[in-house]
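Have a look at the structure below, then the notes.
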Amino acid sequence: MQNEFMNKEVPALGRRVFRLGLATNYGVEASDVEWALDQGVNYFFWTSKANKVVPALKKAMQRDRESLIIATGPTTGFFGGGIKRGCDRLLKKLGTDYIDILQIFWLGRTAAWTPSTIDALVSLKESGKVRAIGISIHDRKRAGRLAADSPLDMLMVRYNAAHTGAEKDIFPNLDQRQPAIVAYTATRWRGLLKRPKGWEGQVMTAADCYRFCLSSPHVDLVLTGPKNRRELEENLNELRKKGPLSKEEDNWIRKYGRIVHQNSSRFTFGF
């Protein structure tokens, strides 16, 4: 049961994925990436802010390229030419012949979905420089439409106990194409780790946040963004130990998440 919970075949990516992916841009070191690899982690979200982990990623790719999934994207996603040039820079920076997932970031804010950008993504995939194409997006209704009808192989979407709207706007649209779903902001930028006003019960841990995401049959993997090795070890060890949520845990976590959402004005997005 635990092995099935922590590992999953993801057809859209053509790989078996360890379901806790590591976002490398919050403070982890190259040695932390090497430790994560030893633990079975094989999905790494990388941006140019995480240059210090590049040596570890390069070393791992040289050792066994097919075992890794590197998800990254160009700094700009408004024009097709910029996406293509950005992809070439990423290939050179990482020292690899292909990128597993090339994604444009925060669609609608720092990237555009136009004939030009779509053509660039699709042509890069057809050329072999990219294995899969994806986006990160906050607009759930738009994400739902793209999940149902687009060339995208992956959608990186906000999903956590305080923001469950993906269950209504995105997940029902996955059946026909089955793009991979990567959940991020699982801890709601750590907001779910703080006792909300008026709450007397148990407080969620980071691992509880990841367990909530991974207990959904629609989520393929969730990203963790630890600041250091200690946080990474705690997150991974507790997640492995506890496994999927029980029905009782799901109930209290959803109630907890609703209260966190009601008590906070940090985000203006809907529930």
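With loop defined by DSSP as not H, G, I, E or B, and exposure as at most 15 other Cβ atoms within 10 Å, which is the longest segment of the chain clear of exposed GluC sites (Glu not before Pro)?
The segment 30-199 is the longest one with no such site.
Magnitude of the Cβ-charge dipole of the chain, K/R +1 and D/E -1, about the Cα centre, nearest 20 debye?
760
Find, among the chymotrypsin sites (Phe, Trp or Tyr not before Pro) in the range 84-133, those assigned to loop by DSSP (not H, G, I, E, B) with at most 16 other beta-carbon atoms within 10 angstrom.
Trp106
Give the range of the longest stretch in the chain that excludes all trypsin sites (Lys or Arg not before Pro) found in loop regions by DSSP and having at most 16 other beta-carbon atoms within 10 Å.
For trypsin sites (Lys or Arg not before Pro) (loop position, at most 16 other Cβ atoms within 10 Å), the longest site-free span of the chain is 1-108.
For Lys197, go through the lysines and keep the ones whose alpha-carbon is under 25 Å away, minus same-chain ones fewer than eight residues off.
Cα-Cα hits under 25 Å: Lys247, Lys255.
Select from the range 149-253 those chymotrypsin sites (Phe, Trp or Tyr not before Pro) which occupy a DSSP coil region and have at most 15 other Cβ atoms within 10 Å, ordered by residue number.
Answer in residue order: Trp189, Trp199.
Over the Cα atoms of the chain, what radius of gyration and what Dmax do you get, in Å?
Every Cα atom of the chain included, Rg and Dmax give 18.0, 56 Å.
With n ≥ 4 as the cut-off for DSSP H runs, can you work out [θ] at 222 nm for the chain, using -39500 (n - 2.57) per run divided by the number of residues, rounded to the nearest 500?
Rounded to the nearest 500, it is -11500 deg cm²/dmol.
Specify the inter-centroid distance of the range 147-167 and the range 69-113, based on alpha-carbon positions, in whole Å.
A separation of 19 Å, based on Cα centres.
Taking only the alpha carbons of the range 72-170, what extent do you get along each of the three principal axes, in Å, biggest first?
39, 26, 21
Values quoted throughout were computed directly from the atomic coordinates according to the rules given, and no laboratory measurement underlies them. Model, not experiment: these values are computed from the prediction. Neighbour counts are summed over all protein chains in view; Cβ atoms, including those assigned to glycine, are modelled from backbone coordinates with ideal geometry.
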